[in-house]
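What follows is one structure encoded as structure tokens, with my remarks underneath.
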There are 2 protein chains.
Amino acid sequence: MANIKDVARYANVSVTTVSRVLNGHPYVTNEKREAVEEAMEALHYRQNMNAIHLSKGKTRLLGVVIPFVDHPYFSLLLNGMSKEALHQEHTLVLIQTNYDAMKEVEALEMLKYKQIDGLVIASRSNTWDVVEEYTAFGPIVVCEDRSSEVVSSVSIRHYDAFYEGMKHLIKKGHQKIGFCIGRKTGTNSNLRYQAYRDALHTIQATYKEDWIFTNCLSIEDGERVVEEYQSLVEKPTALLVTSDQVAAGIRMECQKRNIDVPEELAILGFDNHPLARALDLSTIELPLHEVGRKLVISALNDNETIHTQYGFSLIERGSV
Amino acid sequence: MANIKDVARYANVSVTTVSRVLNGHPYVTNEKREAVEEAMEALHYRQNMNAIHLSKGKTRLLGVVIPFVDHPYFSLLLNGMSKEALHQEHTLVLIQTNYDAMKEVEALEMLKYKQIDGLVIASRSNTWDVVEEYTAFGPIVVCEDRSSEVVSSVSIRHYDAFYEGMKHLIKKGHQKIGFCIGRKTGTNSNLRYQAYRDALHTIQATYKEDWIFTNCLSIEDGERVVEEYQSLVEKPTALLVTSDQVAAGIRMECQKRNIDVPEELAILGFDNHPLARALDLSTIELPLHEVGRKLVISALNDNETIHTQYGFSLIERGSV
DNA sequence: ATATGGTATGAAATGCGTTTCAGAGCAAGA
DNA sequence: TCTTGCTCTGAAACGCATTTCATACCATAT
């Protein structure tokens with residue numbers, strides 16, 4: 001494979017000049033520039049990325065702190081990150097934490113010792129000041145709504161999204177509304193719970209504690225929800241489900257038990273997972289793929305702190 | 001970040017000795033080995049991958065020739081490849097060919113000019129001798145059943161898988177069986193067609209031309225199939241569908257049109273895509289994810305030619 | 001006693017770009 | 001005429017680990 005030296009020799013210039021052409025620096029006469037370009041063409045020259053990054057002091061590694069990867073929310077996020085990482089010729093270093101704060105610190109230490117170029121924290125476990133301490137060592141991005149001077153962020157308006165979902169169900173005539181959620185606590189869960197109560201408040205409706213189904217992560221959980229639903233004396237007429245995977249389980253189980261969707265039970269999912277399309281589930285699309293990509297873009301940007309917020313969009317299908 | 005020089009200085013040895021310890025070479029006394037290990041610990045030393053690969057002359061890039069990525073077969077394959085590439089700290093260079101032979105040659109030329117470390121051809125367009133010419137320049141792996149001396153291969157027993165599917169339908173009492181397939185021609189399609197006829201032959205059954213649905217790639221295609229199916233005078237009682245995505249479309253459309261599955265029409269899919277699990281579709285699982293990983297592993301192995309064949313497994317659910 | 005060969009070690013070359021520094025040429029301003 | 005300040009160019013240093021080569025020591029084998 002031809003290298004920069006070969007090109008320089010062929011074009012009768014120094015390697016510095018070739019490097020200048022390669023990097024679009026000024027201070028190269030057209031004459032030499034053209035000679036270099038010709039030489040590159042003739043020799044089938046391609047830059048050696050390893051040499052570039054070695055020279056520039058980059059590791060080409062990007063740390064990703066993530067609690068687990070087998071949940072649709074995180075797997076969609078990870079998909080987006082992978083895609084962008086591939087695009088930017090970076091390798092993701094997955095640090096699965098299971099919400100263990102010490103594991104997260106290990107990842108931060110990797111940044112300190114320059115073992116990674118940047119760090120994405122998909123779900124934070126440590127307190128804010130611990131994280132901020134490490135920003136001196138490289139770019140850090142969190143996936144939550146936080147306007148820090150030193151840490152970039154990419155977030156989704158979870159409150160608004162949930163509120164919008166509630167409004168949609170209410171508009172369709174529902175008053176007895178329940179919801180399914182993953183963790184009971186956590187920033188996002190709290191926001192959603194708040195949105196739930198606020199929305200019900202606008203129509204003076206109340207809710208029962210057992211209309212709130214927690215620990216809903218998988219298709220199986222959705223099936224379980226239907227089972228519990230059937231044993232209720234007073235049943236909700238609609239469910240807001242924070243994961244399409246769970247919504248899919250619910251819809252399938254309803255079919256088995258001859259519960260009419262949406263007449264008897266309306267279902268509104270989240271994420272717009274391919275499953276939702278297949279099962280004709282109405283859903284609120286969260287641009288998780290986009291968020292993932294933006295996380296990587298932000299983490300690879302060493303110059304500025306970026307704050308991005310993403311919206312959502314309601315996709316009406318046949319389950320509401 | 002500490003480098004090999006720092007470690008050498010700290011341990012009072014030469015960089016060569018540190019490199020020997022790092023790479024497990026013999027000819028290092030225990031005394032020095034321990035000193036080096038201590039130094040690495042003390043200095044938080046991590047090897048710089050860019051320097052290693054630059055030194056070893058690797059690009060850390062792996063070419064992937066693929067006709068398109070939006071088809072479930074290829075996207076599952078690609079998923080597996082991505083995962084393994086990530087694992088092995090390599091970046092995939094996607095060369096989407098749309099079955100254009102010239103594009104494929106471009107990819108082979110990249111190998112020639114050492115722009116990539118190896119090449120995976122997920123679906124070949126050029127003749128065999130064209131491909132073999134390039135093996136001198138680096139490892140090439142194809143995804144088809146071919147026992148070459150110089151090109152590695154990873155394949156699935158498509159004939160057997162299809163035949164097994166037919167046998168299953170026959171065992172369930174079906175005689176009038178149709179099938180859905182992507183391309184009408186191609187190595188795999190031919191194998192499947194052969195298996196179809198061979199299986200029908202064992203029960204002296206015949207088939208109608210219009211029980212064979214071609215161009216079946218997406219959910220929409222599945223919906224189209226049902227439409228065509230309903231207009232048939234003599235209808236098959238079972239369909240073997242070479243993609244779960246299509247099978248999902250069929251099942252959903254059947255539901256809309258009140259065609260009972262499996263009583264009126266049995267459906268047996270392929271791939272064991274998550275969709276199949278969600279829609280309770282019987283399917284023949286092809287280990288595409290594993291195949292993808294093995295493709296990458298084989299392509300990154302420069303020393304030997306590897307031939308791997310994968311089987312399949314029938315997953316019985318409620319659609320047959 | 002001498003040749004032979006394995007063990008152990010380090011200096012230096014190598015892979016390939018980027019970046020710093022020094023200097024030459026030239027035009028505008030003092 | 002003499003600065004001052006671009007514009008343009010290339011030599012050399014640098015980033016980090018691997019690998020080749022040279023050398024020295026020690027133990028067998030002859």
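The values are calculated or read from the model by the stated rules, or taken from the named source; none is laboratory data. None of the values given here were measured: they were computed from a predicted structure. A quick note on method: Cβ atoms are made from the backbone with ideal geometry, for glycine too, and the neighbour counts reach across all protein chains shown.
Overview of values
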{"item": "Hey, A:Val28 within 12 Å of DNA strand D (Cβ to nearest atom), crowded, with 16+ Cβ neighbours inside 10 Å and over 30 Å from A:Lys112 (Cβ atoms) or not", "result": "yes"}
{"item": "When residues of region A:58-80 are limited to those that are within 11 Å of chain B (Cβ to nearest Cβ) and without any contact (Cβ under 8 Å) to a residue 40 or more places away in the chain, the one surrounded by the fewest Cβ atoms within 10 Å (Cβ to Cβ)", "result": "A:Val69"}
{"item": "Selection count where residues are under 12 Å from A:Val130 (Cβ atoms), within 11 Å of chain B (Cβ to nearest Cβ) and in contact with a Gly (Cβ under 8 Å, 6 or more places away or on another chain), scope region A:98-120", "result": "0"}
{"item": "Candidates B:Arg293, B:Arg251, filtered to the one that is touching a Lys or Arg at 6+ places or on another chain (Cβ under 7 Å) and not hydrophobic (A, V, I, L, M, F, W, C)", "result": "B:Arg293"}
{"item": "Cβ-Cβ under 7 Å pairs, at least 6 apart or on other chains, region B:39-55 side without any contact (Cβ under 8 Å) to a residue 24 or more places away in the chain and at the interface with chain A (Cβ under 9 Å from one of its Cβ atoms), far side assigned to a helix (DSSP H, G or I) and of a type outside the set (Ser, Thr, Tyr)", "result": "B:Asn50/A:Asn50; B:Asn50/A:His53; B:Asn50/A:Leu54; B:Ala51/A:Leu54; B:His53/A:Asn50; B:Leu54/A:Asn50; B:Leu54/A:Ala51; B:Leu54/A:Leu54"}
{"item": "Selected residue (only one of A:Val18, A:Val36 is in contact with a helix residue (DSSP H, G or I) (Cβ under 8 Å, 6 or more places away or on another chain), at pLDDT 95 or above and closer than 23 Å to B:Ser55 by Cβ)", "result": "A:Val18"}
{"item": "Where A:Tyr45 falls short, out of the listed (1) more than 16 Å from DNA strand D (Cβ to nearest atom); (2) within 20 Å of the chain's Cα centre (by Cα); (3) not small (Gly, Ala, Ser)", "result": "(2)"}
{"item": "Condition met for B:Thr202 (in contact with a Lys or Arg (Cβ under 6 Å, 6 or more places away or on another chain) and either aromatic (Phe, Trp, Tyr) or away from chain A (no Cβ under 14 Å) (or both))", "result": "no"}
{"item": "Residue match in region B:4-21 (condition: free of Cβ contacts under 8 Å to residues at least 12 places away in the same chain, within 16 Å of DNA strand D (Cβ to nearest atom) and acidic (Asp, Glu))", "result": "no"}
{"item": "Qualifying residues in region A:9-38 (those that are within 10 Å of DNA strand C (Cβ to nearest atom) and among the polar types (S, T, N, Q)) - the one nearest to the other protein chains (Cβ to nearest Cβ)", "result": "A:Ser19"}
{"item": "Breaking point among (1) in a loop (DSSP other than H, G, I, E, B); (2) away from every other protein chain (no Cβ under 14 Å), for A:Ser189", "result": "(1)"}
{"item": "Residue match in region B:132-152 (condition: touching a helix residue (DSSP H, G or I) at 6+ places or on another chain (Cβ under 7 Å), acidic (Asp, Glu) and surrounded by 15 or more Cβ atoms within 10 Å (Cβ to Cβ))", "result": "yes"}
{"item": "Selected residue [away from every other protein chain (no Cβ under 14 Å), in contact (Cβ under 8 Å) with a residue 40 or more places away in the chain and more than 27 Å from B:Cys254 (Cβ to Cβ)] from A:Glu290, A:Glu228", "result": "A:Glu290"}
{"item": "Residue within region B:81-92 that is closer than 30 Å to B:Thr17 by Cβ, within 14 Å of chain A (Cβ to nearest Cβ), of a type in the set (Lys, Arg) and within 21 Å of the chain's Cα centre (by Cα) present", "result": "no"}
{"item": "Counted residues, region B:96-122 - those being out of contact with any Cys (no Cβ under 9 Å at 6 or more places or on another chain), assigned to a loop (DSSP other than H, G, I, E, B) and touching a residue at least 40 places away in the same chain (Cβ under 8 Å)", "result": "4"}
